[in-house]
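K.L.:
The structure's right below; bear with me while I get my questions together.
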Amino acid sequence: MSRDALLEGAAALAFVTAPRCCTANPGNGRTCLYIHRLWPTLRMMGLAMSAELHRDFFMRALGAEFLRREGASRVLVSGASDHALPAIVFDAARAVGRSVSVTVVDRCDTPLAVNRWFASRENANLDTVQSDILAYEDSGGFDVICTHSFLSFFTAEQRDALAAKWMRLLRPGGAAITVNRLRLDGARSTGFSAEDGARYAAEVQRRASGMQHRMPAAAEEIARLATEQAAMPGGAQAIRSEQEFRAIFERAGYDFDEFICQPLPAPAQTEIWGLGIPSDAPYVQIIARKPATPR
């Protein structure tokens, strides 16, 4: 299937799956319903900060990692809103003539269901595990761990535990490859302001109306859900400097092969600032490696 057809199918599936699969986070009471139900739909409208927007970085970094190793490589996708990052992993492997197996771990079964659907359509070697990543264990080890916009969903203390968890899950010499937005204005929350929430819902309805034939529901219904999404308290904690981000991995014992901080390669398509919206903010792109021998 084409990327557009896969995205449209994922949007339809997420829209009907999320109401029965998304639950409140026991740690903070917030629900992932509004993000997971709309995420592929928002991607179609250009209103979601997807891994697809960093495709070139992931393709290059993953391709280089796959060429480092003989035979099949094991890849862990730690946290997923939909199938975007696993799809890039398989594209990168095909581009260098390698086979990979991918495991997607997430607390919620909505994105996992989307990934299972994607794997069935693409005949991809993909497994899903419903688990908090901090509780997840795997004795086989992974060659690569990939994430996108994931660390901001953890507190400062949890980020250290997360980096240490990835270190334990990686095989010696393996790499964590990730992208995360920085918020340099000092704000801790990444939620919507009231003004941005109203502008966001209006923009959702405008774009959905213009492509109604691809939408999983009427534009008015999608806009209503976007309004409810924007009204939710900020569900992520901002990372506010390169130094803060770098220190997370340094404390866990990683070496950096690459540490780049730059805006999106293409200008943001909206001036709205809110959780999950592409922006002109800087994004850290890293390849952090587990040492091949213990220190």
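None of the figures in this text is laboratory data; all of them are computed from the coordinates on show. Here the structure is a predicted model, which means the values were calculated and not measured. Neighbour counts are summed over all protein chains in view; Cβ atoms, including those assigned to glycine, are modelled from backbone coordinates with ideal geometry.
K.L.:
May I ask for the Rg/Rh ratio of segment 32-131, computed from Cα atoms with Rh as the Kirkwood radius, given to two decimals?
P.N.:
A ratio of 0.97.
K.L.:
Please label the shape of segment 1-58 as rounded, prolate or oblate, based on the square roots a ≥ b ≥ c of the eigenvalues of the alpha-carbon gyration tensor (a/c under 1.5 means rounded; beyond that, a/b larger than b/c means prolate, else oblate). Write out the running numbers ahead of the final one.
P.N.:
Working: a/c = 2.71, a/b = 1.53, b/c = 1.77.
Verdict is oblate for segment 1-58.
K.L.:
222 nm [θ] for the chain, helices only, -39500 (n - 2.57) per DSSP H run of 4+, per residue, to 500?
P.N.:
-14000 deg cm²/dmol
K.L.:
Semi-axes of segment 101-197's equivalent ellipsoid from the Cα gyration tensor, sqrt of 5 times each eigenvalue, largest first, rounded to whole Å? Intermediate values should be presented prior to the final figure.
P.N.:
Values: eigenvalues 143, 78, 29 Å².
Result for segment 101-197: semi-axes of 27, 20, 12 Å.
K.L.:
Across every pair of different alpha-carbon atoms, what Kirkwood hydrodynamic radius in Å does the chain reach?
P.N.:
By the Kirkwood definition, the hydrodynamic radius is 19.3 Å.
K.L.:
What are the residues whose amide H is under 5 Å from the amide H of Gly174, where those residues sit 5 or more places off or on another chain and H is modelled from the backbone?
P.N.:
When sequence neighbours closer than 5 places are left aside, the close amide H contacts are Lys290.
K.L.:
Report the local net charge at Ala175: Lys and Arg +1, Asp and Glu -1, summed over other residues whose C-beta lies under 13 Å from its C-beta.
P.N.:
Combined, the nearby Lys, Arg, Asp and Glu give +2.
K.L.:
For the pair Ser2 and Leu184, how long in nm is the line joining their label points, each one 7 Å along Cα→Cβ?
P.N.:
Placing both labels 7 Å beyond Cα along the Cβ direction yields 3.8 nm.
K.L.:
Sort 95-108, 34-47 by packing, meaning the average of other beta carbons within 10 Å per residue, with the highest value first.
P.N.:
On the way: 95-108: 19.1, 34-47: 23.9.
Packing order, densest peptide first, comes out as 34-47, 95-108.
K.L.:
Give the residues of segment 31-51 whose amide nitrogen is closer than 15 Å to a point set 7 Å from the Cα of Glu228 in the direction of its Cβ.
P.N.:
31-39
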